[in-house]
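Below you'll find the structure, written out as structure tokens, and then a few comments.
The values are calculated or read from the model by the stated rules, or taken from the named source; none is laboratory data. Model, not experiment: these values are computed from the prediction. Neighbour counts run over all protein chains shown; Cβ positions are idealised from the backbone, glycine included.
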Amino acid sequence: MKRPLIGITGKRRFGRDLAGNWSSMSENPADIFWTNYAEGVLFGGGFPVFLSIDSDPIDAIDHLDGLLLTGGTDIEPKHYGEASDTDLFPYEPIRDEFEFGLLDAVIKSPLPVLGICRGHQVVNVHAGGSLNQHVPEHASFDQTITTKSHEVLLKDGSKLSDLYGPRCEVNSFHHQTVDRVGEGFEATAHAQDGAIEGLEHSELPILSVQWHPEMLPTRPTDPIFSWLVKEAS
């Protein structure tokens, strides 16, 4: 039996941004992603496929069995009708449009989707939700990626609680959080300060989490990757 193909999004950088690259390549574009995401998909039983930002979103979804929207920089706030309150991370308009296009195509499929960190925020904004633009107490960028910094409480009877139980310890590498929840979604995981750490769609196979399960030592057995692959099978 073939492994389901899981598309993974990434970010666009240039040769000048990559350590050790030739100066002659400084203006050459490069699409990159952290391999932890691919490892999570592989451990879950799927086959990871990196999606170039230049891909046509509809064509990409036609070739996939599932989609993983990864972490990254901030979403341009114009997408939820607000002006910018922070310049901590530069926007990537080309990535915003590509990932929103992927979700447009997914809803017509529908393919299972897992959103992580930025991906969690993308699925919410795409559905008409909004973000808290700067929540510095969540931005634990000085910690190691494996540091479990706080507890998340999961709603009884939700898909996320089926996967993780009533509570779990997670890492934290974000300075924005979900504010208004998008149409069709329910917040089913919260930090102790009330921040929304998990969303799930009421009808479609879409889950998202604010933390980074792909960075934790439990990645090989993390149930959220198995969920994505199982739904894509």
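Considering the stretch 13-40 alone, what residues qualify as being within 16 Å of the chain's Cα centre (by Cα) and either more than 22 Å from residue 100 (Cβ to Cβ) or not β-branched (Val, Ile, Thr) (or both)?
Looking only at the stretch 13-40, we keep the residues that are within 16 Å of the chain's Cα centre (by Cα), and these are 32-40.
Once the filter is applied, which keeps residues that are within 16 Å of the chain's Cα centre (by Cα) and either more than 22 Å from residue 100 (Cβ to Cβ) or not β-branched (Val, Ile, Thr) (or both), the stretch 13-40 yields 33, 34, 35, 36, 37, 38, 39, 40.
Using beta carbons and a limit of 8 Å, which pairs, at least six apart or on different chains, have the first residue in the stretch 47-65 and touching a residue at least 12 places away in the same chain (Cβ under 8 Å) and among the aromatic types (Phe, Trp, Tyr) and the second one part of a strand (DSSP E or B) and surrounded by 13 or more Cβ atoms within 10 Å (Cβ to Cβ)?
47/5; 47/6; 50/7; 50/8; 50/31
Does the stretch 164-178 contain at least one residue that is surrounded by fewer than 18 Cβ atoms within 10 Å (Cβ to Cβ) and outside any strand (DSSP E or B)? Steps first, please.
We begin by selecting, within the stretch 164-178, every residue surrounded by fewer than 18 Cβ atoms within 10 Å (Cβ to Cβ); these are 165-167, 169.
Among the residues that remain, those that are also outside any strand (DSSP E or B) are: 165-166.
Checked the stretch 164-178: at least one residue is surrounded by fewer than 18 Cβ atoms within 10 Å (Cβ to Cβ) and outside any strand (DSSP E or B).
For residue 94, which of the numbered conditions (1) modelled with pLDDT of 95 or more; (2) surrounded by 15 or more Cβ atoms within 10 Å (Cβ to Cβ); (3) not in a loop (DSSP other than H, G, I, E, B) fails to hold?
Of the numbered conditions (1) modelled with pLDDT of 95 or more; (2) surrounded by 15 or more Cβ atoms within 10 Å (Cβ to Cβ); (3) not in a loop (DSSP other than H, G, I, E, B), the odd one out for residue 94 is (2).
Just give me the residues in the stretch 16-64 being among the polar types (S, T, N, Q) and either outside any helix (DSSP H, G or I) or modelled with pLDDT under 90 (or both), in sequence order. Break it down into steps so the answer makes sense when it comes.
Residues of the stretch 16-64 that are among the polar types (S, T, N, Q), as a first pass: 21, 23-24, 26, 28, 35-36, 52, 55.
Listed by number, the residues that qualify are 21, 23, 24, 26, 28, 52, 55.
Yes/no matrix, rows are residues, columns are (1) modelled with pLDDT under 95; (2) over 21 Å from residue 141 (Cα atoms); (3) polar (S, T, N, Q):
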position: 162; (1), (2), (3): no, yes, no
position: 169; (1), (2), (3): no, no, no
position: 187; (1), (2), (3): no, yes, no
position: 191; (1), (2), (3): no, no, no
position: 195; (1), (2), (3): no, no, no
position: 201; (1), (2), (3): no, yes, no
position: 227; (1), (2), (3): no, yes, no
position: 233; (1), (2), (3): yes, yes, yes
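Within the group 178, 152, which residue is under 24 Å from residue 133 (Cα atoms), touching a Cys at 6+ places or on another chain (Cβ under 8 Å) and touching a residue at least 24 places away in the same chain (Cβ under 8 Å)? Talk me through it step by step, then tell me what you get.
On the way: 178 fails: touching a Cys at 6+ places or on another chain (Cβ under 8 Å).
After applying the criteria, what remains is 152.
Do we find that residue 188 is outside any strand (DSSP E or B), at negative phi and polar (S, T, N, Q) in this structure?
Values: outside any strand (DSSP E or B): no; at negative phi: yes; polar (S, T, N, Q): yes.
Taking the combined requirement at face value, the residue does not satisfy it.
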